[in-house]
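Data block below; observations after.
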Amino acid sequence: MSAIYCTTVSLTFMCGSSCPVLECWFVQEKAGRGGGLTGATSQEKSLLHIRTESHIHNDKSHKAPADISPDRVYFITDPAGSLCHSSLNPPRGSIKKPQCEINPFLPQPSSLKWVAPLTESALSPLYLQADWISAALQGLDKEMTITSIMRAPTSTKENNVILSVTSKTVSVQSRLGEPVLLDCGFWVDPSSPLSGSGFAVEWRYQFRGNGRLVLAYDGKTDRLAETQEEGATLDFEALHRNGNASLILQEAKVRHSGTYICTVYLPYLLAQVALELEIVEPPSLSIHPSPLPLTVPGQTLTVQCEASGFAPLSLEFSWEFKGADGKSRQLGSAGVTGHRQAWDGTYSQSSKLELDSSKLDLGRGGELTCVAAHLGGTQRASVTLNVIGFSTPSIEDSMAMVGVALVLYGLIKFVSWTFTSSDADEADKQDKVKKTYLNKQFIKTL
């Protein structure tokens, strides 16, 4: 059945100190038309007055809203207080509302081998001859889900909660390889004749039409049913002590993603809650080739980004380029390959980018980044792109060229000065030798 939204009625009284008055839908199937066909369902608005103790009386003379039949007004006693959870009682004027649906319930034995021992006497106690209903509720923001089985003496609307199954992990996400706890707990009215007669717990898995039994435990005979599931267990001490039926998956795997149904059985009764588990693993990125080869203007370079080891499948690629000026921009669309699945259930996928340096204005190069957006987080991988032989020099290149020219000019001047200085010294020496020679000749003449 489709989810039915429940609204908190704007009434001035409350059922107990902090329990809400809830407006729900009473849903039941109409009689079939024969031939094994299932009839359509009927829906009626219903009002639930919640209280934790039976002696807390509501103002029953208060008239129900005009669109709710008096036959669909129920007074619920819930000693465990599960129906008084804050997520079922939103602030006045809140847009978000909890969900609620009520269905008729028929107590009956089960033929499942881990449940059958609960009713092996084959006797149907007089206690079952009453009006039974089942209420399924989900709190705001999926904070909590609860299913309660209620009993009322025939032709009365004074219902007592006999069995409640609750979960505080309606939606769970986990990384690969981590332990996972799927919360499930139950409460049984200790004053009920069914209390103390044993219980059974069952966990089933469903995903896209396929299902399997994960774990089944007969609490009366303390036996586990044989299943093909590995690494799934319960805390049996906590189960018997306080009704903690939480499922423990020792190591999360991709195949664990799906819906888990926790069902608790009493003799002739059952209640269940559904939880969603999603294994989320972000991708690992690598760019090929790495490092990138030197690129010249007009050259087209093919770059591939490989994302691997991610789950679930949905992934979006994009490419970014950060130039030498520090400015980033998105590059054009790139091709994406089909996904591939590894032995462990994770996926891989590639994106191929054609870099045409003549069209993309890559300048002298920069940083090329592959971006992969995934439910597990956005991942990035970068490589450096160098473009050589760039036709128009930048300001930095021009300044470098001026600097080189100045250095060369200075070097030429230094060499020139050195040679000039050497020639002058040689001339001075020759002049001194000549003068010495003339002086000697003059002395000889005398």
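The values are calculated or read from the model by the stated rules, or taken from the named source; none is laboratory data. Here the structure is a predicted model, which is why all the values come from computation and not from measurement. With ideal geometry, Cβ positions are generated from the backbone for all residues, glycine too; neighbour counts draw on all protein chains shown. The area values use the complete protein model at the heavy-atom level, side chains included, leaving out ligands, DNA and RNA. Shrake-Rupley method; radii C 1.70, N 1.55, O 1.52, S 1.80 Å.
Report, by residue number, each residue of segment 273-304 that is outside any strand (DSSP E or B) and surrounded by fewer than 17 Cβ atoms within 10 Å (Cβ to Cβ).
Filtering segment 273-304 for residues outside any strand (DSSP E or B) gives 280, 282-283, 289-294, 296-299.
Across segment 273-304, the qualifying residues are Pro289, Ser290, Pro291, Pro293, Leu294, Val296, Pro297, Gly298, Gln299.
So, Glu316, is that one among the charged types (D, E, K, R) and either closer than 23 Å to Leu215 by Cβ or at pLDDT 95 or above (or both) or not?
Details: among the charged types (D, E, K, R): yes; either closer than 23 Å to Leu215 by Cβ or at pLDDT 95 or above (or both): no.
Here the answer is no, as Glu316 does not meet what is asked.
For segment 185-206, filtered to residues that are over 39 Å from the mean Cα position of the chain (by Cα) and under 17 Å from Val115 (Cβ atoms), the residue that is modelled with the lowest pLDDT is Gly196. Gly338 meets all of the listed conditions (1) within 30 Å of Val172 (Cβ to Cβ); (2) surrounded by 12 or more Cβ atoms within 10 Å (Cβ to Cβ) but one, namely (2). The set of residues in segment 138-172 that are within 21 Å of Ser195 (Cβ to Cβ), open to solvent by less than 10 Å² (accessible area, probe 1.4 Å) and at pLDDT 95 or above comprises Ile146, Ser148, Ile149, Met150, Val161, Ile162, Leu163, Ser164, Val165.
When every residue of segment 92-109 is checked against the conditions, at least one turns out to be open to solvent by 20 Å² or more (accessible area, probe 1.4 Å), assigned to a loop (DSSP other than H, G, I, E, B), under 16 Å from Gln272 (Cβ atoms) and among the hydrophobic types (A, V, I, L, M, F, W, C). Looking at the structure I just gave you, is Pro109 at pLDDT 90 or above, more than 39 Å from the chain's Cα centre (by Cα), closer than 26 Å to Glu202 by Cα and assigned by the TED database to the domain that holds Leu137? For Pro109, the condition - at pLDDT 90 or above, more than 39 Å from the chain's Cα centre (by Cα), closer than 26 Å to Glu202 by Cα and assigned by the TED database to the domain that holds Leu137 - is not met. In summary, Ala216 fulfils each of the numbered conditions (1) of a type in the set (Gly, Ala, Ser); (2) within 24 Å of the chain's Cα centre (by Cα); (3) at pLDDT 95 or above with the single exception of condition (2).
For segment 122-136, the set of residues classified as open to solvent by 70 Å² or more (accessible area, probe 1.4 Å) and modelled with pLDDT under 90 consists of Ala122, Leu123, Ser124, Leu126, listed by residue number. Which numbered condition in (1) in contact with a Pro (Cβ under 6 Å, 6 or more places away or on another chain); (2) closer than 24 Å to Tyr260 by Cα; (3) not charged (D, E, K, R) is the only one that Pro107 fails? Only one criterion is unmet by Pro107, namely (1).
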